[in-house]
Structure formats: C-alpha cells, structure tokens
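Worksheet: one structure, shown below.
The values are calculated or read from the model by the stated rules, or taken from the named source; none is laboratory data. On a predicted model such as this, the values are computed, not experimentally measured, just so you know. Cβ atoms come from the backbone with ideal geometry, glycine included; neighbour counts cover every protein chain shown. The accessibility values were calculated without ligands, DNA or RNA, using every heavy atom of the protein model including side chains. Shrake-Rupley method; radii C 1.70, N 1.55, O 1.52, S 1.80 Å.
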Protein chains: 2
Amino acid sequence: MSQRFIGSMPVAFLAFGLSIIGTPTFAQYENYLSAEASEPRKLDWMVGTPPPADKRIMQPQSDYFSFPKLRWTLCHIRELMPTQQVSRGLSAPLPLDYALDDAIDRLTFTPTGSDQRMTWEESLSANYTDGMLIMHKGKVVYEKYFGCLNQLGKHTAMSMTKSLTGLLAEILVAEGKLDEKSLVSTIIPELKDSAFGSATVRQVMNMTTSLAYSENYADPNADIWAYTSAADPLPKSKEYQGPIGYFEYLETVKQEGKHGEAFGYKTINSDTLGWIISRVTGKKVTEFLSERIWQKMGAELDAYMTVDAIGTPFAGGGLTAGLRDMARIGQIMLDKGEYNGLQLFPVKVVESIEKGGNKNAFAKAGYTALAGGSYKSMWWVFHNSHGAYAARGVHGQTIYIDPAAEMVLVRVASFPVASNSKIDPTSLPAYQAVAEYLMAK
Amino acid sequence: MSQRFIGSMPVAFLAFGLSIIGTPTFAQYENYLSAEASEPRKLDWMVGTPPPADKRIMQPQSDYFSFPKLRWTLCHIRELMPTQQVSRGLSAPLPLDYALDDAIDRLTFTPTGSDQRMTWEESLSANYTDGMLIMHKGKVVYEKYFGCLNQLGKHTAMSMTKSLTGLLAEILVAEGKLDEKSLVSTIIPELKDSAFGSATVRQVMNMTTSLAYSENYADPNADIWAYTSAADPLPKSKEYQGPIGYFEYLETVKQEGKHGEAFGYKTINSDTLGWIISRVTGKKVTEFLSERIWQKMGAELDAYMTVDAIGTPFAGGGLTAGLRDMARIGQIMLDKGEYNGLQLFPVKVVESIEKGGNKNAFAKAGYTALAGGSYKSMWWVFHNSHGAYAARGVHGQTIYIDPAAEMVLVRVASFPVASNSKIDPTSLPAYQAVAEYLMAK
C-alpha cells in the first residue's frame, strides 16, 4: 500500500502510523513511543547540514505522516509540498489578553472507560499535544507548546479546515449570496452528472449526501486512491490518465442511495463546498478566508493551505496556522461573529452552527464517542448541556467551543493514530473538567 | 532541452523565455509581448475554478519560468514547490515613512546606446516592472505595483538572495564568528576533496574560486544539469543515482585553475556560503536570516525560500519577499546597519561591501555594462562617483543603493529574458537620473 501514499496531501487522512516499541510510560499510547520519547527535537528529524540519511523526512517517502515522523511533519507541511498563502494583511497583530491560571494543570478527570483519575497536565502528554491554548471570557488562561510547535510556528489543522470551509459557506448563506436550498448543479454545471449535482448546498454542507465513495484503504480499487492521485500536487506519471486536481475528480463521483438521510463523513463534500465558495465569490478559498477572517481578526501569523497541481486549495484539510490564530477563530465563534467591536459576519451564522444538524442522520454513522451529536456546516456539535461544538481533525486537532463556560480550547497534536476515537477518551472529559472549573471560578 | 527544466528551482537561472510575437509598443523588448500586453491578469493565468487547461501554470511543465508565464510565476513560486518560512516574528510592522514625489515619473534619461530620451514612467514599462519603490533620506518617494505584485504579495528575489547570503556571512566575519581567511575544508570537512576545500571563505564570498563548472546550457553534459537534478525538490526517478540536495552536489565540484585570480559568477559559491553559514551558526539560512534581519527590521511580511528535497534553503536564489521589506534591507545597508535606532550589525559589514572587491579579477569576467565594477560578498559594486552598489537577480531584480544620493531603489520585474545585460541600458541610467534629481531637491 505504501506507494499509494507518495507525495500527496490526502494521505493525512490515511496515516495510521507505524508501530515503534519504546519504554512504556503513563502517557504512552499502546505500543508507541511516549510523547516525551517521540519529541521531534529529541529524535533529531531534519537536524544537521545536511541531515543524515536516517533523519530525513522528505518526498517521495511514503511515511512522513506516520508516527513518529508525523510529530515533525505536522509543523512543516510547506517544506514538503506547494502551498498558498492565507494572508493576515499588513496591520499590526492584536495581541490576546492574558490571565494565566496555573491551577489548570492540577485539575483531574476520569478518562472515558477508565477507573483511574488523570491530571490535566498528564493528559497533554497522553494526547501527544503540540500546542494547547484555553481562553475563558476572552482571556488566555492557559497556553503551552510542545514537540514541533512554538509561538512562531504553525501546525496543520487537518480536517479542522473543513469547519472553516463550512463557516465561509454559512457566511455566504447568511448574506444571501448562496442559497442553501439550491441544487449544486445550478451553481456548478460541471457537477451535473456527478452525485453532487442532485444534492442541495445544505446537504453538502452537512455531509448528508449519498456518495459511491469508498475510503477502504485495504481495497486497491477504493475511490480514495483515485482521489489521492487526482489531488496530488506532485507531477503525475506519463501513464496517468485520471482527473487533475480536486475539481476534476469531484465530477467523477457517483451517487449511491438518497441524499439527505444519513450523515457520511467524506472529505470530498468539503472539496465540493470549496468549489461552491470559489464559484460564488470568484475567489480561491485562501483569498476569501484571508479577506473575511484572517485579515479581520488581528492574526499574528499568515496561515497557508496546500494546493493541488493547479492551485486549488485543499478545502477538506489543507490549512496550517498558528495556535493563537486558531484560538481567535474559536473566540469569534463564541462571540457570535463579533471581534474587537466589529461584527465580522451575521450572528445567525454561529446560531445555525450551534443549533446543530440532524441527530438521526448523524446517529446512522455510528460514532459512539459522539453519541447524541450532529454535524452542521462541517462543525461537530455535541448537543451536551454546555452547548459545546468543535472543529476536529485527525491526530487530535480541535477547536472546542463551550458557550456555557465561555471557554474556547484549541489543541493541536500529533497523536500516533489518526482516528480521534482513540484520543477522545482522554480529551473530552478533560475539556469538560476545565470548563466546570472555569465556570466555578 | 525542455525536459531538463522539470520541476526544479535552478531553472530560474536558465529561463531564456519563449518568443511570442505581439503588437509592438514603445515599451516592448524585441519581439516579445509588451509589459501591458503580457500583464498576467490580462492573460488570465490560473484564473477560473479550475483554470482552463491552456491557462494553467504547473509542475511538471517545463516552461513556468518562460515569458510570458514567468510574469505570473515570479509572484507564486510557493504554489509550485516546497518552501521554508523566513519569519518576521510577531511584533507589529513598523510602517515606512512617506514623502511621495509625482515628478519622478516625468524625469527623462538617455538609455545606454540609444539616441532617444525616455521618461522614468516609460522605463517601468520597458523593463516589465512588477514593483518599484524608491526611498530618499529614509522616506518613500515612489512606490508602484504592476503585473503579479501588490503590497500584500511577494516577488522572487532571484540572485538578490546571494547578496543576503553574503550579508549574513559578512556579519559573521565582523562578529568574529567566521574567519574569512580560513580554508573552507576546515569549516566543512565534507568539502575537503572538492574545489571549495582549498578555497578561502573570502574567495567563496567574492566568487573568485576557480571551479570546473560549466553553465553551458546547450551542452547536455554541462555541470549545471547535475546541479539542477541534485537541487530539485521534487522526487527523483528510481534510476537517479546522483547527489541529493545542494550540499551533496557541492562535494562533487572539482577545481580548475587557481583560486583568487578571477571573478566567476557561479551560483554554487552562494550555496557553499550558505552551507558555511549553517555550519557556523547551527541554523538554516532561513532561520539566521529571520533572527538577524527579518525579525529586526519591522518587516511587514514573512519571506520564504525554496528548498531542496532535504530542507536546505536555496542560498543562491531561493528568496521571495515583499517589495517594502526589500526596501528595508536597502535602507539598513544605506544606514550602515542601523535601523530604528538600533545597530543590527557592525558598521564594518557595510563598509566592507561598499569598498568593493578586486576590480582586476572582476574585469576578467568581461561584464561590459558593469565595466570598472567589482563583486564583493555577493553584492555588485559599481565604483561610480556615487559609490553605488546593488543586489541583482535575473529578469530585472535589484536593490540599488546610492550612498551619495541617500537613495535606495528596489525594482522587481519579469523582463522577458534572464540576462540583466538586456535590461541595464534602460535601468542604470534611469537610476542615475533619479539619484541626481533627488540630490538636487
């Protein structure tokens, strides 16, 4: 299977990690090296002039998203492939306010399915955290960097990118520039004969399309491989006859069943939504994200997105950004679109997302850790007592917004395996514990 | 020859441009489309979702550095290949002071070898200017953007990168961290058996090494092709057996003749100097450039550098940066290392560069347009009555510093052919005319 991974961004979704046996620690996940033992600086990835052969992380190696290399890669995507800027503009960054609270490290919680208490500080290590920032009532109460990340660095957002794509679409809907009830084919005629053509914009936004699209990595004929090849920004082989780029691939996707009945988490919905945004605005997603969000929120750092071979930003997972800037996004959501006294987008954008999607449709997808939840405009809505919702990406990325606690929590991580079901047990109860602590302060 | 160009950065030096016949205008260079007719926005490169096949500029096409595509490419390198950030840090940009002077557009000069006067404004078009910024006594007196560039954008510096590499080396020399008299082999033992091993650091800095290295593009066995293959950040073919990256290539370069006697403009000297800087500082050139310059000069934009397949920044030509930030570099040089009341590096760094190199060694290289000049620490020194010196890159890039006129001029351009000998006739006399005008104000 490994040659399938060559040089393409979508492998991010496929990275299951290679098992490397190390000395067990409390914070170790199964048989993987612990967070401390797998620190990229400790393993000397890409260190030296030039780095020795066994310390190189490069194309066309198939494993740069595998653990423990991914602990370096998630901060260095632009050094491996072409990217497009998400400009912060030229104005001065607007620094965040601080009210740091050391007591958070000592909070304890019970991981899901465990009978042992864990401290907050221990959870950072258990979760292979690269960066953690918590805001309460608009002030930073906690901020730590580990692994490949520091305050000047940027970390890949993985599928949190989808939530920004969804946010941009919600903005267009709220401003009357995009009709959520429109069939996609009326906006993008090229998709008329694909599965997306007969779906509504809202079905794409909520991923309730019904697509003949297999992500079964064990099957060499699975659709994910054709998608991966199309999306790969690196040059195609001479023999390659398939689609070039995200958009041409999307035209080939066929329908399977009826749209609107079940949630199916498929990245190609986000790519379609990116296409819709670009067609409606006449701008690339990177440009629109810069104009509407990044240039308006006092961002400290430019962000960037990976692109396919023809300059299409990867709306389903291509974003890399600074930790504090991701926190600014969360705070704007918490504040219903307001930032620094300005309303960046209508209140109803956030209200639509907070309200959540169809719980029955979501239940059919069988996410046990997120039972009772829903997916709306590419945000995960927990429908818990705090009204929490989140952007989430593989390997532990999250922007977690808890309106009841007036808390925004951003974690970027390089957890050894992709699936968040493995990291949620030591994450979601921890977030709840911090939220309750902050509410009681 | 075209397949030799595939996907590699050094092709920037090889871009001769493809002739396209258009309607002649005053500002047209030979048979090429005029600056106005070749505006990338007019030609719709990469416009559309997705861009139509005939409007795509992408890997592995061989011609993205050819005219007129290069008019798009020079602002979009990061979208075609991997890059490394040169961070501006987190502090607020320090805006430049302005005292704009419209009269500059109407200044006239006689192009070298011509008997017709030309206005300054006409020269911008004749030179396929993408950005022009002039500072006088520390204030911006002129600033214009064309083609692919705007104030949020970045333009490739091409071989101006070398001058920054040279500047960093001069800083290390002035601070006693690098001995210019040392043999390179004492700093980089890996280069002991190469031509560089027996050269001094100063000979590398001034490009007076004697290297068996051919840049004869017509010869399929020329060394430039092996260099290009080694430097290419894109995956190598399975059959490839050559060196990986800049550093491994440099080890293979053989000596031809005696070092120190003649100037020979060869990019591999800059790559060697980049290696020396990295070995002495323990940092990549991108990191050191960020720490010593970009984070200290109130930069508005991060810059970036292209990298080889193992993360080595291209010290000979890989930089892409904003126009105003390049002007800040020039102003710091004019002010002998001082910026905003702080001395960023010792005065003698600039004094060493201003003084110039060996004119006899330079004369042997036969640059008629620059007769009487020299090359010092990878800056071009004119030895004219104004004491002017410059960073220069193919297709018309320059940071031109005129100490007598207290003028800094930055031009980025996408002139159809690479060689500056074609653009100097409508550039150098124009700069002199502006300098004299500003001095008389």
Is chain B rounded, prolate or oblate when judged by the Cα gyration tensor, a ≥ b ≥ c being the square roots of its eigenvalues, rounded requiring a/c under 1.5 and prolate requiring a/b larger than b/c?
rounded
Surface accessible to a 1.4 Å probe, B:His383 within the full protein complex, Å²:
60 Å²
A:Thr426 accessible area, nearest 10 Å², 1.4 Å probe?
30 Å²
What is the local net charge at A:Ala99, summed over the other residues whose Cβ is closer than 9 Å to its Cβ (Lys, Arg +1; Asp, Glu -1)?
0
Taking the alpha-carbon centroid of each part, what is the distance from the stretch B:362-441 to the stretch A:145-185 in angstrom?
46 Å
In peptide A:78-89, how many Cβ atoms from other protein chains are near each Cβ within 10 Å, on average?
6
Peptide A:50-57 - average C-beta neighbours from other chains (10 Å radius)
4
FRET efficiency, A:Asp179 to B:Asp105 (Cβ-Cβ, R0 51 Å, nearest 0.05):
0.60
Taking the alpha-carbon centroid of each part, what is the distance from the stretch A:222-297 to the stretch B:70-129 in angstrom?
36 Å
Partnerless cysteines (no other Cys beta carbon under 4.7 Å) identified across the protein assembly as shown are none
Give the interface area between chains B and A as buried accessible surface, both sides summed, probe 1.4 Å, in Å² to the nearest 100.
3800 Å²
B:Ala363 and A:Gln151 label points (each 7 Å along its Cα→Cβ direction) are spaced in nm at 5.6 nm
When chain B is modelled as a GNM with alpha-carbon springs shorter than 10 Å, which of B:Leu172, B:Leu152, B:Leu334 fluctuates the most?
B:Leu152
Simple label model, 7 Å out from Cα along Cβ direction - B:Ser214 to B:Glu291, nm:
4.2 nm
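In this model, which of A:Lys296/B:Lys55; B:Lys181/B:Lys348; A:Lys144/B:Lys154; A:Lys144/A:Lys266; A:Lys144/B:Lys296 are farther than 22 Å apart at the alpha-carbon?
Pairs exceeding 22 Å: A:Lys296/B:Lys55; A:Lys144/B:Lys154; A:Lys144/A:Lys266; A:Lys144/B:Lys296.
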Copy-to-copy spacing for B:Thr110, label 7 Å out on the Cα-to-C-beta vector, in nm, shortest first?
9.4
Candidates A:Ser229, A:Ser385, A:Ser34: whichever shows maximal mean-square fluctuation once chain A is modelled as a Gaussian network with Cα springs under 10 Å:
A:Ser385
Share of carbon and sulfur in the accessible heavy-atom surface of chain A [1.4 Å probe, %]:
52 percent
Near A:Lys137, which lysines are there with a Cα under 19 Å away, not counting those fewer than 8 places off in the same chain?
A:Lys336, A:Lys441
Which shape class, rounded, prolate or oblate, goes with the stretch A:134-236 when its Cα gyration tensor gives a ≥ b ≥ c as root eigenvalues, a/c under 1.5 marks rounded, and past that a/b bigger than b/c marks prolate?
oblate
Just to verify a number: FRET efficiency for A:Lys283 and A:Ala222, C-beta to C-beta distance, R0 = 25 Å, to 0.05?
0.15
For the protein assembly as shown, which semi-axes, largest first and in whole Å, follow from the square roots of 5 times the eigenvalues of its Cα gyration tensor?
48, 30, 27
How high is the relative contact order of chain A, in percent, counting Cα pairs under 8 Å that sit 6 or more residues apart?
22 percent
Compute the label-point distances linking B:Lys364 to its equivalents in the other copies; points lie 7 Å from Cα along Cα→Cβ; give nm, one decimal, shortest first.
7.9
Using a Gaussian network model on chain B with a 10 Å cutoff between Cα atoms, which of B:Val408, B:Val204, B:Val280 fluctuates the most?
B:Val280
Counting only heavy atoms of protein chains, what accessible area per residue, in Å², does chain A have with a probe of 1.4 Å?
35 Å²
From the square roots a ≥ b ≥ c of the eigenvalues of the alpha-carbon gyration tensor of the stretch B:169-326, which class results: rounded (a/c under 1.5), prolate (a/b over b/c), or oblate?
oblate
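Of B:Arg279, B:Arg202, B:Arg41, which has the most accessible area and how do the rest follow, probe 1.4 Å?
The residues order as B:Arg41, B:Arg279, B:Arg202, largest area first.
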Note the distances from A:Ser214 to each other copy's matching label point, with points 7 Å along the Cα-to-beta-carbon direction, in nm, sorted shortest first.
5.5
At a probe size of 1.4 Å, how large is the accessible area of B:Trp72, to the nearest 10 Å²?
20 Å²
Could you please put B:Asp193, A:Asp302, B:Asp63 in sequence from largest to smallest accessible area, using a 1.4 Å probe?
B:Asp193, B:Asp63, A:Asp302
Using only DSSP helix segments of four residues or longer, with each worth -39500 (n - 2.57), what per-residue ellipticity at 222 nm results for chain A after dividing by its residue count and rounding to 500?
-7000 deg cm²/dmol
Taking a crude spin-label model, label points 7 Å out from Cα along the C-beta direction, the A:Gln241 to B:Gln116 distance in nm is 5.5 nm
In this structure, among A:Lys177/A:Lys284; A:Lys238/A:Lys283; A:Lys355/A:Lys422, pairs with alpha-carbon gaps over 20 Å are A:Lys238/A:Lys283; A:Lys355/A:Lys422
Which residue in B is nearest the B/A rotation axis when you measure from the C-beta atom, and what is the distance in Å?
B:Ala92, 2
